[in-house]
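**Student:** Can you keep this structure in mind? I'll have questions shortly.
Every number in this text was worked out from the coordinates using simple rules, so none of it is lab data. A quick note: this is a predicted structure, and the numbers were derived from the prediction, not measured. As a convention, Cβ positions derive from the backbone with ideal geometry for all residues, glycine included, and neighbour counts pool all protein chains shown.
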Amino acid sequence: MPLAVDRLTDNSTPKAIREAISQTISYLMKHEGKSQKEAAGQAYGMARDNTGKELRE
């Protein structure tokens, strides 16, 4: 199943990026058993890769 951050592009708004990161963190914690820190690291990393933007955790 694609994660919310997979839909992000370099044209994504800051609000859309925040929402996708939040949804991805929740999904990874619930379905993959990751800790909040692990899930956040993965979600932010994927969002950075997909948007090309420097994001703060």
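**Student:** Please go through the stretch 12-55 and give me each residue that is more than 11 Å from the chain's Cα centre (by Cα) and closer than 18 Å to Met1 by Cα, ordered by number.
**Tutor:** Once the filter is applied, which keeps residues that are more than 11 Å from the chain's Cα centre (by Cα) and closer than 18 Å to Met1 by Cα, the stretch 12-55 yields Met29, Lys30, His31, Glu32, Gly33, Lys34.
Residue-wise test of (1) loosely packed, with under 10 Cβ neighbours inside 10 Å; (2) part of a helix (DSSP H, G or I).
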| site | (1), (2) |
| --- | --- |
| Asn11 | yes, no |
| Lys15 | yes, yes |
| Arg18 | no, yes |
| Ile21 | no, yes |
| Thr24 | no, yes |
| Tyr44 | no, yes |
| Ala47 | no, yes |
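**Student:** Being in contact with a Leu (Cβ under 9 Å, 6 or more places away or on another chain), touching a residue at least 24 places away in the same chain (Cβ under 8 Å) and among the hydroxyl-bearing types (Ser, Thr, Tyr) is the filter here; which residues of the stretch 12-37 pass it?
**Tutor:** The one that is in contact with a Leu (Cβ under 9 Å, 6 or more places away or on another chain), touching a residue at least 24 places away in the same chain (Cβ under 8 Å) and among the hydroxyl-bearing types (Ser, Thr, Tyr): Tyr27.
**Student:** Taking interchain pairs and intrachain pairs at least six residues apart, which have beta carbon atoms under 8 angstrom, with the first residue in the stretch 38-49 and free of Cβ contacts under 8 Å to residues at least 12 places away in the same chain and of a type in the set (D, E, K, R) and the second crowded, with 18+ Cβ neighbours inside 10 Å and in a helix (DSSP H, G or I)?
**Tutor:** Filtered contacts from the stretch 38-49: Glu38/Leu28.
**Student:** Considering each residue of the stretch 26-42, count those that are assigned to a loop (DSSP other than H, G, I, E, B) and small (Gly, Ala, Ser), and give that number.
**Tutor:** Residues meeting the conditions: 2.
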